[in-house]
Amino acid sequence: MNIKRVSILLGLLIQLGGCYRISITPVSFHNLSDDRPSLPAFYAFKNKDPQNSGSFNPYLFNEKGIWESAPRFVESPFRPLNRVGVSLFYPAETSANPNLDESPEIISADKRWAAKTFGVKTFNDDLDNDHLIIRDVDKGYVKKITVPALSNGEMWPLFWHPGRPIVFFMVTVGDTTGHSLELWEYDVANGIFQNIGDTNGDVYLSHDGKWIMWETGPFGDNCHLNPPLHCVLLCAYSIEKKVNYRLTEGPSISAFQCWKNN
């Protein structure tokens with residue numbers, strides 16, 4: 001293959017969005033005790049024995065990265081805990097727009113960028129039916145980018161990073177035998193996607209914009225609970241370092257509640 005032909009092929013790949021693709025493999029997990037990251041404190045409910053009708057109890061993940069019981073925490077769970085480990089928690093917009101291929105736009109905090117998703121639902125997983133549409137609000141420039149996800153075409157934007165042009169969104173994965181959700185990140189400045197991980201749909205951004213707390217979904221379950229239950233582990237994603245940390249162990253079901261200084 002001569003140099004001219006190679007150049008033409010590379011040009012076509014760039015036009016098709018090929019340069020924006022990376023591996024669909026999720027972001028790796030690092031050891032919390034080795035890296036010792038500075039995570040913000042938060043409250044969560046944990047059920048350490050879900051198959052034996054164990055109950056949820058409140059815990060605090062403190063500033064030192066240590067779990068401690070929080071019996072004085074009396075805030076009511078904001079969602080039914082008996083659905084955690086059983087159901088997926090789809091974004092609220094899906095209940096209002098269940099049949100729309102194109103999502104509403106979400107605008108970045110600085111009003112500079114807008115993002116929406118577009119997917120064509122199919123019966124089989126397909127690599128080219130999901131698109132992220134980024135709009136430069138000032139210039140009116142619009143870019144439609146293929147999302148490198150093995151999805152069935154359902155996807156939703158979540159939120160923008162508070163200080164950087166990074167947008168977070170979710171896609172549905174799976175087939176008629178079962179579904180799960182994947183959390184994704186797209187960096188507008190660098191044109192890079194990150195598959196953060198398989199989630200049940202509960203995702204929370206820290207106030208400083210450095211961390212995302214997320215709960216694992218059924219496709220990421222390695223705890224061997226009896227269906228319909230699946231383990232739900234709490235994970236933290238470092239937006240700056242692009243690594244994940246597992247904060248709970250299985251077999252257990254955990255549910256994030258709120259940041260300590262909420």
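Results, tabulated for the structure shown:
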| quantity | calculated |
| --- | --- |
| When residues of segment 196-238 are limited to those that are of a type in the set (D, E) and under 26 Å from A109 (Cα atoms), the one surrounded by the fewest Cβ atoms within 10 Å (Cβ to Cβ) | D208 |
| In segment 180-195, residue modelled with the lowest pLDDT [restricted to those that are of a type in the set (D, E) and crowded, with 20+ Cβ neighbours inside 10 Å] | E182 |
| Leading residue by the ranking (surrounded by the fewest Cβ atoms within 10 Å (Cβ to Cβ)) among those in segment 89-102 that are of a type in the set (S, T, Y) and at pLDDT below 85 | S95 |
| Inter-residue pairs, beta-carbon under 6 Å, first farther than 23 Å from T25 by Cβ and in segment 149-164, second aromatic (F, W, Y) and surrounded by 17 or more Cβ atoms within 10 Å (Cβ to Cβ), 6+ apart | F159/F168 |
| Pair list, Cβ < 9 Å and 6+ apart or interchain, from segment 235-262 residues that are under 10 Å from M213 (Cβ atoms) to residues that are of a type in the set (K, R) and surrounded by fewer than 20 Cβ atoms within 10 Å (Cβ to Cβ) | C235/R246; A236/R246 |
| Whichever residue in segment 103-142 is outside any loop (DSSP other than H, G, I, E, B), of a type outside the set (A, V, I, L, M, F, W, C) and modelled with pLDDT under 95 and, among such residues, is surrounded by the fewest Cβ atoms within 10 Å (Cβ to Cβ) | D126 |
| Enumeration of residues in segment 208-262 that are among the aliphatic types (A, V, I, L, M), in contact with a Lys or Arg (Cβ under 7 Å, 6 or more places away or on another chain) and within 25 Å of G178 (Cβ to Cβ) | L233 |
| Count of segment 243-262 residues which are farther than 18 Å from G217 by Cα, in contact with a strand residue (DSSP E or B) (Cβ under 7 Å, 6 or more places away or on another chain) and in a loop (DSSP other than H, G, I, E, B) | 1 |
| Residue within segment 148-167 that is in contact with a helix residue (DSSP H, G or I) (Cβ under 9 Å, 6 or more places away or on another chain), farther than 22 Å from K111 by Cα and in a loop (DSSP other than H, G, I, E, B) present | yes |
| Matching residues, segment 159-179, being modelled with pLDDT under 95 and aliphatic (A, V, I, L, M) | M170, V171, V173 |
| Count - residues of segment 204-223 that are among the hydroxyl-bearing types (S, T, Y) and either at pLDDT below 95 or part of a strand (DSSP E or B) (or both) | 2 |
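Here is a yes/no grid of residues against (1) at positive phi; (2) of a type in the set (A, V, I, L, M, F, W, C):
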position	(1), (2)
P157	no, no
P162	no, no
E182	no, no
G191	yes, no
D198	no, no
D202	no, no
L205	no, yes
W211	no, yes
N226	no, no
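The values are calculated or read from the model by the stated rules, or taken from the named source; none is laboratory data. Bear in mind that the values here come from a model prediction, so they are computed numbers and not experimental data. Cβ atoms come from the backbone with ideal geometry, glycine included; neighbour counts cover every protein chain shown.
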